[in-house]
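Peer 1: One structure, pasted below without further comment.
The values are calculated or read from the model by the stated rules, or taken from the named source; none is laboratory data. Since this is a predicted model, take the numbers as computed values, not measurements. Cβ placement follows ideal geometry from the backbone for every residue including glycine, while neighbour counts extend to all protein chains displayed.
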Ligand SMILES: Nc1ncnc2c1ncn2[C@@H]1O[C@H](COP(=O)(O)OP(=O)(O)O)[C@@H](O)[C@H]1O
Ligand SMILES: N[C@@H](CCC(=O)OP(=O)(O)O)C(=O)O
């Protein structure tokens, strides 16, 4: 896949990651409100033309530590305290900046572990889908006060890539203090060449990445390449570009220099390859003929079409889908754990709430989570 038109215009769902060094003035610890406003103006413009935007924003520690009068180096619990203080200010600033455009902000605090546990992953994905459907702009940061590992700057590059993967985004933009990937750190090596497009993270590419260039919240190129790897396998295009100019998304649309990491497939194909290739099935759903025909024609699987269920599985686990003769016709991610699925099989979706006592999804396997054989 090469870029023919601008991926920013094409993205249906776009993730934008903002690092501490862009958002927070190093000397004062204040949020750069003019810059934030200009970013939010851009976000509002994209939203108005029908694109969905999720912001992943760092800055909580950098903002909060000034308010608590802490000076580096901070101990872990001091960083966590700083994050708790700074996060509320960050969220408030985003709320004000987006409210000017009548846009509702939703704060989502995630840990990296949330993105790696399939059940929490599904919950987070459904929440993000719902927020976007309702017109809100999610603003995500790592949940630093409960993070069990050391808060590391640069982690939000990876978190943003996980959010892109989780939400099936088509593009992730990492706004940085540099305009892209070079063959070596250009601050140290004047002969470093700029790379406009990368399609694979080879060992040669990995060897190009050096340490961070500044002192406020930096992960360097290493964490950006980790993010790029996640994006490439998730079918999501990823950009590294300079975030400093006001209206940074507009600048990108207008042809600012950028490195694009371009996957060979789109997010849906990548997701289906992941379901088909890397998950062990934990059980089987046996369908009636009508349901088997519906699935063959591209529909989702409803509880009404299931006759029997084998195995023990959790919500989000992979299960095989079998026809009336027991032949495997596909596989997919179950939206219900085995016991709940057994309770609602053969029933209409409208009955789910009265049977289970909660209103879950209408489908047992959504068509986006289903891969048919052959
Ligand atoms: N191969 C490379 N290409 C570009 N920048 C590199 C490279 N290796 C190291 N760097 C450094 O990484 C820095 C960007 O990372 P970082 O400071 O963490 O950005 P941010 O804070 O915006 O996330 C650049 O300013 C640059 O000094
Ligand atoms: N979660 C932390 C920052 C983590 C992080 O990755 O920071 P950065 O390298 O500035 O994107 C915070 O909000 O301070």
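Peer 1: Inside the stretch 234-265, can you point out the residues that are under 15 Å from residue 161 (Cα atoms) and not in a strand (DSSP E or B)?
Peer 2: First, the residues of the stretch 234-265 that are under 15 Å from residue 161 (Cα atoms): 234-240, 260-263.
Within the stretch 234-265, 234, 235, 236, 262, 263 meet the criteria.
Peer 1: Going by the conditions given, is residue 335 buried (at least 20 other Cβ atoms within 10 Å of the Cβ) and part of a loop (DSSP other than H, G, I, E, B)? Spell out the reasoning first.
Peer 2: Values: buried (at least 20 other Cβ atoms within 10 Å of the Cβ): yes; part of a loop (DSSP other than H, G, I, E, B): yes.
Considered against the rule, which asks whether it is buried (at least 20 other Cβ atoms within 10 Å of the Cβ) and part of a loop (DSSP other than H, G, I, E, B), residue 335 comes out as yes.
Peer 1: Look through the stretch 181-221, keep the residues that are modelled with pLDDT of 95 or more and under 17 Å from residue 154 (Cβ atoms), and return whichever of them is nearest to ligand 1 (Cβ to nearest atom).
Peer 2: Going through the qualifying residues, I end up with 181.
Peer 1: A further question follows. How about the stretch 164-191: which of its residues are surrounded by fewer than 17 Cβ atoms within 10 Å (Cβ to Cβ) and free of Cβ contacts under 8 Å to residues at least 12 places away in the same chain?
Peer 2: Once the filter is applied, which keeps residues that are surrounded by fewer than 17 Cβ atoms within 10 Å (Cβ to Cβ) and free of Cβ contacts under 8 Å to residues at least 12 places away in the same chain, the stretch 164-191 yields 189, 190, 191.
Peer 1: Need pairs with beta-carbon distance below 8 Å; first residue free of Cβ contacts under 8 Å to residues at least 60 places away in the same chain and within the stretch 36-65, second within 16 Å of ligand 2 (Cβ to nearest atom) and in a strand (DSSP E or B); sequence gap 6+ or separate chains.
Peer 2: Qualifying pairs under 8 Å: 63/24; 63/31.
Peer 1: Sticking with this structure for a sec: Out of all the residues in the stretch 69-87, is one or more in contact (Cβ under 8 Å) with a residue 12 or more places away in the chain and either within 30 Å of residue 335 (Cα to Cα) or in contact with a strand residue (DSSP E or B) (Cβ under 7 Å, 6 or more places away or on another chain) (or both)? Before you say what the answer is, go through the steps one by one.
Peer 2: Here is the first cut: in the stretch 69-87, the ones in contact (Cβ under 8 Å) with a residue 12 or more places away in the chain are 70, 74, 76, 78-87.
Imposing the further condition that a residue be either within 30 Å of residue 335 (Cα to Cα) or in contact with a strand residue (DSSP E or B) (Cβ under 7 Å, 6 or more places away or on another chain) (or both) reduces the set to 87.
So far as the stretch 69-87 goes, yes, one or more of its residues are in contact (Cβ under 8 Å) with a residue 12 or more places away in the chain and either within 30 Å of residue 335 (Cα to Cα) or in contact with a strand residue (DSSP E or B) (Cβ under 7 Å, 6 or more places away or on another chain) (or both).
Peer 1: Over 20 Å from residue 151 (Cα atoms) and out of contact with any strand residue (DSSP E or B) (no Cβ under 8 Å at 6 or more places or on another chain): is that true of residue 49 in this structure?
Peer 2: The answer is yes for residue 49.
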